[in-house]
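What follows is a short report on a single structure.
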Amino acid sequence: ISEYIGCHTDKNFKSLGVNFDQYYKPEFLLLPFLKKYCLKNKYNLLIYPRTISKNEYLFYKEILGDCDWKFVDKEKTCAYKEIDKSSICISNSSTLGYEALARGKKVAFFSCRKTRGASASFGWPKYHQKKEGFFWINYLSLKKFEKKLDNIKNMSKYEWKSKSAKY
């Protein structure tokens, strides 16, 4: 689930106190990892966009290249239908990620955009003080990301619903 905000210049990030590279550091690290993870585990990597901007597609294309992933056409596809078809959804701290969780979908939250402060942590304000849970992590660690994804991938729907219900 994309968190693209439509800015490509450092000037636009000044109010956040960061530059473009700092803001998008999670995407630069996570997306190549996710592409490899999906190929290894025979998943299709789909990016559900936040906007209908061509710049958003180009942003992801720059990170992921031309093949082994798909950019969903937001104008032709309902977000909930895409979410419902997905085996696992991945979100940084998107509202759509929380909605997918509420719909009972397996969601991995990699809430590591620290440029937005505590509100970017999973479950803010209730769970933000915890570093991680069984399906989320509030810091950058590719090894931990992989363990979380493997755990979620191997979990039955019943076990997922049972464990995630309290969130």
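The values are calculated or read from the model by the stated rules, or taken from the named source; none is laboratory data. Just so it is clear, the model here is predicted, and its values are computed rather than measured. Note that each Cβ is placed from the backbone with ideal geometry, even for glycine, and that neighbours are counted across all protein chains shown. With ligands, DNA and RNA removed, areas are computed over all heavy atoms of the protein, side chains included. Shrake-Rupley method; radii C 1.70, N 1.55, O 1.52, S 1.80 Å.
Scan region 61-91 for residues that are at pLDDT below 95 and of a type in the set (F, W, Y) and the total you get is 2.
Could you tell me whether A102 is within 26 Å of S121 (Cα to Cα), small (G, A, S) and touching a Leu at 6+ places or on another chain (Cβ under 8 Å)? So A102 fails the test. In this entry, A102 is excluded by the filter for residues that are on the phi < 0 side of the Ramachandran plot and surrounded by 16 or more Cβ atoms within 10 Å (Cβ to Cβ).
For C89, state whether it is within 18 Å of K35 (Cα to Cα) and in contact (Cβ under 8 Å) with a residue 60 or more places away in the chain. The answer is yes for C89.
Scanning region 136-154 turns up one or more residues that are open to solvent by less than 60 Å² (accessible area, probe 1.4 Å), of a type outside the set (V, I, T) and farther than 24 Å from K40 by Cα.
For residues in region 155-167 being part of a helix (DSSP H, G or I) and over 19 Å from the mean Cα position of the chain (by Cα), which is surrounded by the fewest Cβ atoms within 10 Å (Cβ to Cβ)?
Y158
For region 97-112, a residue qualifies if it is touching a residue at least 12 places away in the same chain (Cβ under 8 Å), part of a helix (DSSP H, G or I) and not acidic (D, E), and the qualifying residues are G97, A100, L101. Of the numbered criteria (1) modelled with pLDDT under 90; (2) in a helix (DSSP H, G or I); (3) surrounded by 14 or more Cβ atoms within 10 Å (Cβ to Cβ), the one F122 fails is (2).
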